[in-house]
Amino acid sequence: MALPTDLQSALDTELRRFPNQELSRAVDRLSTRYREGRAATTPIMNSDSDVAAYAGYRMPATYAAVRAVLDEVATFAPEFSPKSHVDVGGGTGTALWAAAGTWSTLTELTVVEQVEKALALGRKLAASAKSPALRSATWRRGVIDPKTPLPAADLVTLSYVLGELPEAMRSRTVAWLAASGAMVVLIEPGTPAGYSRIAEARAQLLDMGRSLVAPCPHEHACPIPRGSDWCHFSARLPRVGAHRLIKEGTLNFEDEKFSYVAASTVPLSRAENRILRHPLKRKGLVSLQLCSNDGALSETTVTKRHGPLYRAARDTTWGSPWPPLS
């Protein structure tokens, strides 16, 4: 799940403006701040190097997660053909690139972000995009304020932002997003805390009459006991160019863990079951841990006797629907 080549090229060009050591120091500061898990009362990015470091460090991983989520939405809602997309707290516009890569029908893209320097970099990166929708995107300075209506949009996204908000503000923010978007997609880190925020938003969206699209195969209460486990998924992405230098890692890839929920104003199809863990593969059998459409957790074993289904089980992965789509 690599960045689009036009985005990767533009991002590498921008990152070359800064010494690697300066970017690495900025990454260390930002990483420390994010790991603290505190609500952000002031903008976390304050300088050009902060914004560049954030873009180099986080855009590849955020893109991989958002694109994986939006691909799921597109799979289970093939009739959903959005024309407009609003990304709130969108930073340098990663979600816009993911959405534009998922739906060619998009013509109106908007980022709402409080950090002007992030908007400026996002606008600059999008200027060389192949997509006309990205080149003509609107970059709007603004904060998360449930008192100020958002523009109505077919798709509204919020990625890695709920955890930066004061706890008392999260439910109002979810309601605010849902008031504007026909399809609302929320993504958080794939940690117990991130999952907890998504679980709360999921329950709220259901209370508001929304229909779940992904990842859940049902609209019952989440069957995962709080505190004992958490629902999350993973997207693998390559480390290339300046991203690899900033990460200072020896591996040429990384796995981005995330939790998410996508909900629509109208009922749409869902997975029959969802695989919650890496399949356990032994000689002649595959064991799958599932979240089932009856709202329960279950385990199923697929053996060679199941023929084509066994071959599909050997190839399936964590996070996939089960049985696989034909």
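Things worth noting here:
- Residue in region 210-218 that is touching a residue at least 40 places away in the same chain (Cβ under 8 Å), polar (S, T, N, Q) and in a strand (DSSP E or B) present: yes
- The sole residue among L119, L106, L125 that is hydrophobic (A, V, I, L, M, F, W, C) and either under 14 Å from the mean Cα position of the chain (by Cα) or not in a helix (DSSP H, G or I) (or both) is L106.
- Counted residues, region 260-294 - those being over 22 Å from A65 (Cα atoms), free of Cβ contacts under 8 Å to residues at least 40 places away in the same chain and in a loop (DSSP other than H, G, I, E, B): 2
- Contacts under 8 angstrom Cβ, first residue in region 133-155 being free of Cβ contacts under 8 Å to residues at least 24 places away in the same chain, partner in a loop (DSSP other than H, G, I, E, B) and surrounded by 14 or more Cβ atoms within 10 Å (Cβ to Cβ), 6 or more apart: R135/A129; T148/G142
- Scanning region 90-126 for residues that are hydrophobic (A, V, I, L, M, F, W, C) and over 18 Å from Y63 (Cα atoms) yields V115, A120.
- Selection status of E164, at pLDDT below 95 and closer than 23 Å to V69 by Cα: yes
- Checked against (1) touching a Gly at 6+ places or on another chain (Cβ under 8 Å); (2) crowded, with 19+ Cβ neighbours inside 10 Å, H85 passes all but a single condition, namely (1).
- Within region 295-326, restricting attention to residues that are out of contact with any strand residue (DSSP E or B) (no Cβ under 7 Å at 6 or more places or on another chain) and part of a loop (DSSP other than H, G, I, E, B), the residue that is farthest from H218 (Cα to Cα) is G307.
- Residue-level analysis places D71 outside the set of residues that are closer than 24 Å to C231 by Cα, modelled with pLDDT of 95 or more and outside any helix (DSSP H, G or I).
- Some residue of region 137-160 being under 30 Å from S292 (Cβ atoms), surrounded by fewer than 18 Cβ atoms within 10 Å (Cβ to Cβ), modelled with pLDDT of 95 or more and assigned by TED's automatic domain parsing to the domain that holds A95: no
- Condition met for R38 (at pLDDT 80 or above and either among the basic types (K, R) or in contact with a His (Cβ under 7 Å, 6 or more places away or on another chain) (or both)): no
Residue-wise test of (1) surrounded by 15 or more Cβ atoms within 10 Å (Cβ to Cβ); (2) at pLDDT below 95.
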position: E200; (1), (2): yes, no
position: L206; (1), (2): yes, no
position: R210; (1), (2): yes, no
position: P215; (1), (2): yes, no
position: P225; (1), (2): no, yes
position: S228; (1), (2): no, yes
position: S234; (1), (2): yes, no
position: L237; (1), (2): yes, yes
position: H243; (1), (2): yes, yes
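- A77 more than 20 Å from L7 (Cα to Cα), in contact (Cβ under 8 Å) with a residue 24 or more places away in the chain, assigned by TED's automatic domain parsing to the domain that holds P215 and surrounded by 15 or more Cβ atoms within 10 Å (Cβ to Cβ): yes
- Scoring V112 on the criteria (1) outside any helix (DSSP H, G or I); (2) under 27 Å from R274 (Cβ atoms) leaves a single failure, condition (2).
- Extreme residue, surrounded by the fewest Cβ atoms within 10 Å (Cβ to Cβ), among residues of region 174-185 that are free of Cβ contacts under 8 Å to residues at least 60 places away in the same chain and within 14 Å of E200 (Cβ to Cβ): A175
- One residue alone among L290, L280 is out of contact with any helix residue (DSSP H, G or I) (no Cβ under 8 Å at 6 or more places or on another chain), modelled with pLDDT of 95 or more, surrounded by 15 or more Cβ atoms within 10 Å (Cβ to Cβ) and not assigned by TED's automatic domain parsing to the domain that holds H218, and that residue is L290.
The values are calculated or read from the model by the stated rules, or taken from the named source; none is laboratory data. In this text the structure is predicted, and so the values were computed from the model without any measurement. Ideal geometry is used to build each Cβ from the backbone, glycine not excepted, and the neighbour counts take in all protein chains shown.
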